[in-house]
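Trainee: My questions will all concern the structure given below.
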Amino acid sequence: MMKTMRSCIVIITILLFFAGCAKVPLTERRGLHLLPQSKMMALSLQQYDKVLKESRLSKDQQNVKMVQRVGRRISGAAEEFMRDSGLADQIKNYQWEFNLIEDDKTVNAWCMPGGKIAVYTGILKYTRDETGLAVVVGHEVAHAIARHGNERMSQGLLVSLGGMALSVAIREKPAMTQQIFMGAFGLGASVGVLLPYSRVHEYEADRIGLTIMAMAGYDPRKAVDFWQRMAKQGGARPPEFLSTHPATEERIARIRELVSEAMPYYERSRKKR
């Protein structure tokens, strides 16, 4: 009993220590990041390569170029945003890459640590145009630069593997570690249960994502239209994207409020172009 209590105290102490080590840009919330960024990047690259090998990339050059164009603009704005926030070091090793995966049945997109971005063709019917796509990519990049995946995986390792070190988890429980990683980044229903992001994470990604897309020259007001389209797709079997990012009326109302914060960035970006 005493040994168990001591273990709990040690874990809580570690959590409190790491919770004070990193801030989320813009909101300045302190996040739980138990995993070294270098290991997250290495695992990210490994999983990204695996997903690409198991997927078929789109040959629709018009859509491929659109994804790459939006990706370049959003990633450039993200780097500017992090510099302005004094957090450029957190993404200094990012090597941005943008791919469109041919899968009309999968309504999803994601961004891994390191800037590895994938968009599935199934979500294009909801984004509809370049600005709609910028809403999605900006939101996913926001999750990445806010280190939400690290937080989710830290929580997953604590709950599922008792706080086992990542290196040990990869060696001794590779399948479970991969499932935790894939679930943390919403990479596809085939790997297990997709966990919805917390309300805190979604608020931060909405707020940061709107700012980034505005800095990239995309009208943040269009985000409301996209989320309204997604909200109509709810039901017994919602698209993958709604499994991790629920489109509730409350959320849409909150996004409307956040647009006013992003608009000055949009106006400044228009003057630069």
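Each value in this text was obtained by applying a stated rule to the coordinates, not by laboratory testing. What you are looking at is a predicted structure, and each value in this text was computed from that prediction instead of being measured. Cβ: placed from backbone, ideal geometry, glycine included. Neighbour counts: every protein chain shown.
Trainee: Would you order 100, 87, 52, 242 from fewest to most other beta-carbon atoms within 10 Å of each residue's own beta-carbon? Write down the numbers at each step before the final one.
Mentor: Numbers: 100 24, 87 18, 52 15, 242 21.
By the 10 Å Cβ count, ascending, the order reads 52, 87, 242, 100.
Trainee: Loop-only check: which trypsin sites (Lys or Arg not before Pro) in segment 101-141 are DSSP coil with at most 10 other Cβ within 10 angstrom?
Mentor: Of the trypsin sites (Lys or Arg not before Pro), the ones in loops of segment 101-141 whose Cβ has at most 10 other Cβ atoms within 10 Å are 105.
Trainee: Lysines within cross-link reach of residue 53: Cα-Cα under 21 Å, excluding same-chain residues under 8 positions apart?
Mentor: Within the straight-line cut-off, residue 53 pairs with 65, 105, 116.
Trainee: Report ³J(HN,Hα) in whole Hz for each residue of segment 101-112, in order, from the Karplus equation J = 6.51 cos²θ - 1.76 cosθ + 1.60 where θ = phi - 60°; Gly and Pro get x.
Mentor: 8, 6, 6, 6, 8, 9, 9, 7, 7, 7, 9, 8
Trainee: Oh, and also: What list of ³J(HN,Hα) values in whole Hz, one per residue of segment 211-222 in order, does the Karplus curve 6.51 cos²θ - 1.76 cosθ + 1.60 (θ = phi - 60°) give from phi, with Gly and Pro shown as x?
Mentor: Listing the rounded values in order: 5, 5, 5, 5, 5, 7, x, 9, 5, x, 5, 5 Hz.
Trainee: Under a 5 Å amide H to amide H cut-off, with H placed in plane at 1.01 Å, what residues pair with residue 103 once short-range neighbours are removed?
Mentor: For residue 103, whose amide H was placed from the backbone, the distant partners under 5 Å are 121, 122.
Trainee: Another question, then. Neighbouring Cβ atoms within 10 Å as the yardstick, rank 222, 39 fewest first.
Mentor: Values: 222 19, 39 15.
Ranking 222, 39 by Cβ neighbours within 10 Å, fewest first, gives 39, 222.
Trainee: Rank these for me by crowding, 133, 124, going from fewest to most other beta carbons within 10 Å. Don't jump to the answer; show the numbers that get you there.
Mentor: Working: 133 27, 124 22.
Sorted ascending by nearby Cβ count, the order is 124, 133.
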